[in-house]
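Written below as structure tokens is the structure these notes are about.
The values are calculated or read from the model by the stated rules, or taken from the named source; none is laboratory data. This structure is a prediction, so every number in the text was calculated from the model and none was measured. In this analysis, Cβ positions are derived from the backbone assuming ideal geometry, glycine residues included, and neighbour counts consider all displayed protein chains. Heavy atoms of the whole protein, side chains included, go into the accessibility calculation; ligands, DNA and RNA do not. Shrake-Rupley method; radii C 1.70, N 1.55, O 1.52, S 1.80 Å.
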Amino acid sequence: MSLLPTAAEGLRQAEERIQRVAERLARIPLEIDGTTPQDVVDLSAEVVALLEAKNAHAINASVAETATEMDQHTLDILG
């Protein structure tokens, strides 16, 4: 059994989280009419969400790399 499907799913979920944060950040209004825009996004919460997604992506990429190495070693042993 390979861990690659699990790691791939983790990577997909991390990318989805990044996309959701990007969409929320894109809703930040620009100052067009000279007035200060209303805060519609909590920037600190979005930065935390981005960091969590980044860490999840890195962890799952590492799992995928390790799974590939383990599969290769298994094939080498079986010969």
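Mind checking which residues of region 1-31 are among the aliphatic types (A, V, I, L, M) and part of a helix (DSSP H, G or I)? 4, 7, 8, 11, 14, 18, 21, 22, 25, 26 - these are the residues of region 1-31 that are among the aliphatic types (A, V, I, L, M) and part of a helix (DSSP H, G or I).
Residue-wise test of (1) modelled with pLDDT under 90; (2) under 18 Å from residue 2 (Cβ atoms); (3) charged (D, E, K, R).
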{"site": "37", "(1), (2), (3)": "yes, no, no"}
{"site": "40", "(1), (2), (3)": "yes, no, no"}
{"site": "47", "(1), (2), (3)": "no, no, no"}
{"site": "50", "(1), (2), (3)": "no, no, no"}
{"site": "58", "(1), (2), (3)": "no, no, no"}
{"site": "67", "(1), (2), (3)": "no, yes, no"}
{"site": "73", "(1), (2), (3)": "no, yes, no"}
{"site": "77", "(1), (2), (3)": "no, yes, no"}
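Within region 2-29, being open to solvent by 50 Å² or more (accessible area, probe 1.4 Å), hydrophobic (A, V, I, L, M, F, W, C) and within 23 Å of residue 75 (Cβ to Cβ) holds for 3, 4, 8.
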